[in-house]
Amino acid sequence: MDIEPDADIEKFRAEVTEFLDTAPTPEIREAGRKTTSAFAPFEQAMAWQKILHARGWAAPSWPAEYGGPGWSIEQQYVFASEYQKRGLPPLLPNSLRMVGPLLMDIGTPEQKATYLPRILAGEDYWTQGYSEPGAGSDLASLSCSAVADGDDYVINGSKIWTTLAHKANRMFMLVRTSREGKKQQGITFLLLDRVDYPGMQIRPIVGLDGEPEQCEVFFDDVRVPQSGRVGAENDGWSVAKHLLKHERGGSAHSPALHERIRMIRRAAGDTPSPFGGTLADDPVFQRDLGELEADVASHEHFEKLAISGHPVSQDPAYPSINKLISSELTQRISVLMTRVVGLDGLPDQHDALHVGSDTAPLGGDLALIAMPFYLNSRATTIYAGTNEVQRDLVARTLRA
Amino acid sequence: MDIEPDADIEKFRAEVTEFLDTAPTPEIREAGRKTTSAFAPFEQAMAWQKILHARGWAAPSWPAEYGGPGWSIEQQYVFASEYQKRGLPPLLPNSLRMVGPLLMDIGTPEQKATYLPRILAGEDYWTQGYSEPGAGSDLASLSCSAVADGDDYVINGSKIWTTLAHKANRMFMLVRTSREGKKQQGITFLLLDRVDYPGMQIRPIVGLDGEPEQCEVFFDDVRVPQSGRVGAENDGWSVAKHLLKHERGGSAHSPALHERIRMIRRAAGDTPSPFGGTLADDPVFQRDLGELEADVASHEHFEKLAISGHPVSQDPAYPSINKLISSELTQRISVLMTRVVGLDGLPDQHDALHVGSDTAPLGGDLALIAMPFYLNSRATTIYAGTNEVQRDLVARTLRA
Amino acid sequence: MDFTFSDEQTLMRDSVSRYLQRDYGFDARQAIVGSAKGWSSDVWARLGEMGLLAAPFPEEVGGLGGSIVDVVAITEVLGAHLVAEPYIGSVVMAGGALAAAPDGTVSAGWLERVVAGEAIGAFAHEEGPGTPDPALVATRAERTAAGGFALTGEKKVVLHGADADVLVVSARLAGEPGDAGGLGLFAVERGTAGLTVTPFTTVDGRRAAHVRFERAEVAADALLAPEAHDLVQRVVARSIVALAAEAVGAMGELLGRTAEYASAREQFGVPIASFQAVAHRLADMKVAHIKARATLLYTTALAEAGRARPHDIAVLKVQAGRLGRTIGESAIQTHGGVGMTDELPIGHLVKRILASEAMFGGTEYHLRTLGAGL
Amino acid sequence: MDFTFSDEQTLMRDSVSRYLQRDYGFDARQAIVGSAKGWSSDVWARLGEMGLLAAPFPEEVGGLGGSIVDVVAITEVLGAHLVAEPYIGSVVMAGGALAAAPDGTVSAGWLERVVAGEAIGAFAHEEGPGTPDPALVATRAERTAAGGFALTGEKKVVLHGADADVLVVSARLAGEPGDAGGLGLFAVERGTAGLTVTPFTTVDGRRAAHVRFERAEVAADALLAPEAHDLVQRVVARSIVALAAEAVGAMGELLGRTAEYASAREQFGVPIASFQAVAHRLADMKVAHIKARATLLYTTALAEAGRARPHDIAVLKVQAGRLGRTIGESAIQTHGGVGMTDELPIGHLVKRILASEAMFGGTEYHLRTLGAGL
């Protein structure tokens, strides 16, 4: 065993912190404070990505040949930790962590050349068109169809939970190209280079937190070029499974979770306890915060083992386990947030939450975000494969 | 709504408490302190039943025509409360709460005349022969067979989890009398008036708590009279379902749970806290005890609603809900017990736990029972239909 | 013992339910909540006509002579329908406080108007997580030279605090936070100088406000009760019971809707309720609802008999909060994506439960007082 | 970073596993635990031959020069096999304390004998729930006229306290419970006058004892270290790591056995693992095991580098306890009736985990110190 960091890691850390302390604009910092979801405020996240890209740091995990910084896994973790300690808004994941890595692996040379540089530079945002009103956990039963016609596909049907589709300029999606054989067969993976094709309609859906983060997209004889296909026709299910690996695992969640714990601790220090002193001195609060801290620490250990190449990361259940742990921790943290703010969490502060809003927040930083963060985080056990589905997958690895 | 008690209830309570304060022998009280299971120490429980019977109070819920005291449901609850407050050992349930009520409902006149008075008087103890090594949750797949031969049945096979079979003098059991049709058909309910028939063998099974509470019973061409049959041949499944109603619901669990909470509270008052004062002053302990108290209180409210004839007791899920709540509360209480005793729960005090033992206990009253109580209570979510099966039953009532 | 509603109460529940189903469907409710006023005078008038406002008050002030049982019978139904109108704030809380004040004060006049639906009242009491214990009130009332009082302090999440014609305010005439003695109860009219009202909509669609008093002067007869600790404690208890009834109503609605959805929604070719993980979650929701409702009904009967101790009220508060959260979170998870939207009542019902949990002391506060009292 | 065992450590683990599988099967183990002595000298000698006793000690005292990583590599395997022999009590705890004592005391002599398997040591330190913090030790050591010390106090659940040739005892030379200063560490030989040893078997089949000192006199050279607070804290940390490794070993065994049972056991005509409620419980067991083991390995690596703070040790302690309990309770429930019997290893593995949880501060103690330190 060897836990010692690379000799150069502290030098690297200094370089990172110097940049992170100076580069973000006030609006970007504000967006960080007002992030209540896995998706940070759109405009600021994209602006921040452009700044990071100028430094070469927009995509820490991308290989150097595609414009990544070429960092070691340990460097990536240090970057994530320092980033989160400053409460900076996360970059939007769909393009950088989903389409990008997928295209690197199985995109055509033309798709790579066209899209990867724009993804990296923050010039494109890709929304995901997977789920349909009738196809949620049972994604393979999707029915939105694409019929080949000349060089095009003609798409009919609808997609739902297309995150930020109303802000996106591109879309990746699964369509049904055949109804023969098993339902997993007959699915094709398509890239749409526009979201304003004739016949496309985007309807934002307001969430529990009052924000239109999700959308529904309707397709009525929408004609798109076949060149947007990734992989073979009717082979989209395996393309999507490949992509899901990127979505479910592989990232460093624990630094963000640690930062949420620190945020709660800070707020507790400013919150009077009905039993005297501040909430931070309250033994019950300390116990409950200690319990979250222990579980976040274990998640950090798990992530670091995986980063170090420990066999745990080769377990076929690894992505599901990662998703289960981080989603449920996020929810538990959100519950403690609402407890700490108490009554101060009750005003609907939807207006004040917009970056640049001139509505003054009521209560402290945590009061502003606790309730929307709690409500939004209910989705973490639903999206990207419900936690029920993830548990099914983990259990499958235990069957003799 | 009307919560006022009967005018005479306080007079009744005085009568009850006077008796309960004076009638139990020191051994019976000791057995109460050393009860770590739904089954109290056998000899003392039977001795105590005889004392109660002499007063006419052995079976509070039995109708007067069978020797019950003819109490109102509220009187029964008051009796249970005062009984539990004194930490007295519960009477063994199999005879009084299972076979007895079943025979009242569907026994033959001869069965009633033979068995009910002896059950009431504490002269008989009936062990239950339901489960088999291959038939647990899936009880209907039982295979222990009875073949009619003249006036007898000839039994072959085995039964397991026959509680206290090694102390019992009688047994009620389910046997397979036909392999045709659905597996629920072809089962017959039998009373065995002896447990020492030629060909019967009883093997006690030591449990996690070190006690041989359960047994396995083997049948090798055991010949028993057909007159022991309850209900028709091959109709035993509906007989057993009828009986399960008595086992699962209808009783008053909350007084015993309240007493366990008081016991924990007393021990906490004698236990130093590492953070100063006693554990009873510790805010974290107070919170956790408060949480248990709230749930026991809700269970009390639920039981009192049912007692008062509120429609909640007519819900087909009522017995399952009752079982889920009381079993899971028992387990949670047992966890808090082990936490309060800490290190003092580690010595195996198996010897000291026997009534009349001259091995001195180490630590206080709670230290003696906490760990065995915890271990034994793991069974509460397994026996009488696992909690998984109970949840299936509750869910069934919600399907549109 | 009897824990059922009377025939009259059941009739009233049925007619209120029918009315709300017809005229207060989810879309109508959302339109009302999204309006400038945030609630509907028409609906309010209709509820008044049905006798809801008058139900729990004595006949002398225009009431129907009912009790806390009527409040519970009504608010459970209002909770299921997510009613935004000021029933709890004006009738249960402010009305309850006014009705509890001694005779011979201005309370009777205000009370008659509240009962008649001619005035809206608000109960300005909470200051933070500790004020379910009235002794912890810090807002001060100092005697003025004119013989009246000047109030200084801040009250949080006052339901309908900006709409109200009269605020019923707890404030300290003497002593320090922690003292049970010296607590006064005041009637403060809308527009009194020195009041800063910060209005907002709560996450569950009620209008409310933080109310700051900076030497807000009131006349001598605004003092409704000079030693009001026990009175305020009873009003807090009554508020907790009504909020719990609303929450239990919301829980029942969540249970019913979720069971229905899970039976109808198919994935993998079968209703999702046929998956054991979903079935068991539904079972746990049902158990939670039954527990919460049993405690609600039992505590209501205790309260009617004048036998509800602080212990019993704390049990009800924590159960409504904890069990409500269980049911709410399970309802969203079972609905999946659509449960996360503002377009179904599911999330709104959950938010109503969460908001009630935070009012008059959170779950942790009451759990601890419960455990400490054992 | 590397969180795997070395090739040598893996080889040793494999050979220990093979030996225990062959000669220390469940029935053999139960026979040993039920014997008068409660553990087997033969097995002990064999473990010594395999180098286990010497592994974590410096070569000067006959050790093999290993570290805490070797302790973890070994005790994880011992935990899976429910070993009753005094490895943790004598080698890890007492041996660790003797090795940490300054040179020039009697410690070296005792240590060599412990390392060689010629003597059994015991670590007599815990007094109650607070003594994971050594400052809370109340046992006193007073100077005697003869220049030695007289010890008075009580130590609880001293592993192998009745078997031990030497007890390594923490006792206060000065100050009051709560003071970090004034804590001494003593070597007390078996049979010293003034010792009352109350032996028992623990619920998980280890021999242990409560040890009472009533002016138990020892010579001056029995004092191994005069200001021993930090030393004792390190020994406690080392003990916690080893107990956690045992617990994680037991968890892995429970997971494997339960998954196997659920795949083989049929009810309703299918393996019970095909019921989603069972499948999801198995999934949660696996997640719990992975979390606990990740924390074990990470903390071990920290400890080896001398960088394990009290915070890290507390995290490990609570995770081994909480996650172990989750796995243990799930294992019993999944096994049903047979999981409740003494006849399968399941319950014994659970009891080992529970016993470790209670030692050196329960979960609640450490959770609170964790949260207070944030």
message = What is the angle, in °, between the Cα long axis of helix D:310-335 and the longest principal axis of the Cα atoms in chain D? Nearest 10 is fine, range 0 to 90.
response = 40
key: Percent RCO, i.e. relative contact order, over chain D, from Cα pairs under 8 Å lying at least 6 residues apart   = 17
ask   = Could you give me the ³J(HN,Hα) list for the stretch C:56-66, computed from phi with Karplus coefficients 6.51, -1.76, 1.60 and θ = phi - 60°, whole Hz, x at Gly and Pro?
value = x, 10, x, 5, 4, 9, x, x, 9, x, x
Teacher prompt: D:Asp221 distances to equivalent labels in other copies, 7 Å Cα→Cβ, nm = 9.7
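Rounded to whole Å and sorted largest first, what semi-axes of the equivalent ellipsoid does the C-alpha gyration tensor of chain A yield via the square root of 5 times each eigenvalue?
Computed over chain A, the values are 36, 24, 22 Å.
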task = Rounded to the nearest Å, what's the spacing between the alpha carbon centres of the stretch D:121-153 and the stretch D:246-304? Just the number, please.
result = 40
note = Scoring only Lys, Arg, Asp and Glu (+1, +1, -1, -1) among other residues with Cβ under 11 Å from the Cβ of B:Ile119 yields +2
ask   = Tell me, how many Å apart are the Cα centres for the stretch B:117-146 and for the stretch D:359-374?
value = 47
The stretch B:2-85: radius of gyration over Cα atoms, expressed as a fraction of 2.2 N^0.38 Å = 1.15
key: Relative contact order (%) - chain A, alpha-carbon pairs under 8 angstrom, separation at least six   = 14
query = Under the Karplus relation 6.51 cos²θ - 1.76 cosθ + 1.60, θ = phi - 60°, what is the ordered set of whole-Hz ³J(HN,Hα) values for the stretch B:179-186, x standing for Gly and Pro?
reply = 10, 8, x, 5, 5, 5, 6, x
key: Interchain or long-range residues, amide H under 5 Å from B:Gln214's placed H   = B:Leu164, B:Ile205, B:Gly207
request  = Output the Kirkwood hydrodynamic radius of the protein assembly as shown, Cα pairs only, in Å rounded to one decimal.
outcome  = 35.6
Whole-number percent relative contact order across the stretch B:252-399, with pairs defined as alpha carbons under 8 Å at least 6 apart = 26
inquiry  = For A:Lys50, give me every one of the lysines with a C-alpha distance below 18 angstrom, ignoring sequence neighbours fewer than eight places off in its own chain.
reply    = A:Lys167
remark   = Looking only at aspartates and glutamates whose Cα falls under 17 Å of B:Lys182's and that sit 8 or more positions away or on another chain, we get B:Asp138, B:Glu233, B:Asp235
request  = Quick one: which residues, 5 or more positions from D:Glu126 or on another chain, have an amide H under 5 Å from its amide H? H modelled 1.01 Å from N in the peptide plane, none for Pro or chain starts.
outcome  = D:Lys156
Positive-end residue of A:Trp161, A:Ala268, A:Gly68, charge dipole of chain A with Cβ unit charges = A:Trp161
note = Taking r as the C-beta separation of C:Ala305 and A:His350 and R0 as 35 Å, the FRET efficiency to the nearest 0.05 is 0.20
message = 7 Å along Cα→Cβ for the label point: how many nanometres lie between D:Thr196 and each equivalent label in the other copies, listed shortest first?
response = 6.9
request  = Mind checking D:268-274 for the average number of partner chain beta-carbons within 10 Å of each residue's beta-carbon?
outcome  = 3
task = Could you work out, residue by residue across A:132-142, how many beta carbons of other chains sit within 10 Å of that residue's beta carbon, and then give the average as an integer?
result = 3
note = Quick calc, the protein assembly as shown, dipole around Cα centre from Cβ unit charges on Lys, Arg (+) and Asp, Glu (-), nearest 20 debye, gives 1460
Computed [θ] at 222 nm, helices only, for chain B once each DSSP H run of length n ≥ 4 contributes -39500 (n - 2.57) = -13500 deg cm²/dmol
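Output the peptides A:32-39, B:88-95, A:20-27 sorted from most to least packed, where packing is the average of other Cβ atoms within 10 Å over each peptide's residues.
B:88-95, A:32-39, A:20-27
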ask   = On average, how much area does the Cα convex hull of the stretch C:121-205 cover when viewed from any direction, in nm²?
value = 5.8
request  = In Å and from the alpha-carbon atoms only, list the Rg and Dmax of the stretch A:127-234.
outcome  = 13.3, 44
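Among A:372-381, D:92-101, what's the highest-first ranking by average C-beta atoms within 10 angstrom per residue?
Order by mean packing, descending: D:92-101, A:372-381.
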message = What is the angle, in °, between the Cα long axis of helix A:318-341 and the longest principal axis of the Cα atoms in chain A? Nearest 10 is fine, range 0 to 90.
response = 40
task = Taking the Cβ of B:Lys167 as the centre, find all other residues whose Cβ is under 13 Å away and add up their charges (Lys, Arg: +1; Asp, Glu: -1).
result = -4
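Over 22 Å between Cα atoms, which of B:Lys245/B:Lys323; A:Lys245/D:Lys317; A:Lys11/A:Lys323 qualify?
Numbers: B:Lys245/B:Lys323 11 Å; A:Lys245/D:Lys317 33 Å; A:Lys11/A:Lys323 32 Å.
Going by Cα-Cα distance, A:Lys245/D:Lys317; A:Lys11/A:Lys323 fall outside the 22 Å limit.
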ask   = Taking the highest mean first, how do the peptides C:363-369, D:39-45 order by number of other beta carbon atoms within 10 angstrom per residue?
value = C:363-369, D:39-45
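Give me the compactness ratio for the stretch A:252-399, meaning the Cα radius of gyration over 2.2 N^0.38 Å.
In units of the 2.2 N^0.38 Å rule of thumb, it is 1.20.
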key: Partner chain coverage, peptide D:209-217 - average Cβ within 10 angstrom   = 1
request  = Would you kindly compute the Cα radius of gyration of chain C and its largest Cα-Cα separation (Dmax), both in Å?
outcome  = 20.7, 79
ask   = In degrees between 0 and 90, to the nearest 10, how far off the longest principal axis of chain D does helix D:7-23 point, with axes built from Cα atoms?
value = 70
query = In terms of modelled amide H atoms, which long-range or inter-chain residues lie less than 5 Å from the amide H of A:Met171?
reply = A:Thr127, A:Leu192, A:Arg194
ask   = From the label point of C:Gly34, set 7 Å from Cα along Cα→Cβ, how far away are the matching label points in the other copies, in nm, ordered shortest to longest?
value = 7.4
note = Given the candidates D:Ala124, D:His160, C:Gly25, the one whose Cα lies deepest towards the positive end of the charge dipole of the protein assembly as shown, counting +1 at each Lys or Arg C-beta and -1 at each Asp or Glu C-beta, is C:Gly25
note = The answer for the net charge of residues other than B:Gly199 whose Cβ lies under 11 angstrom from its Cβ, with Lys and Arg +1 and Asp and Glu -1, is -2
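FYI, it's all coordinate maths here, none of it is from the lab. Every value quoted in this text rests on a predicted model; they were computed, and no experiment measured them. FYI the Cβ positions are ideal-geometry reconstructions off the backbone, even for glycines, and counts take in every protein chain you see.
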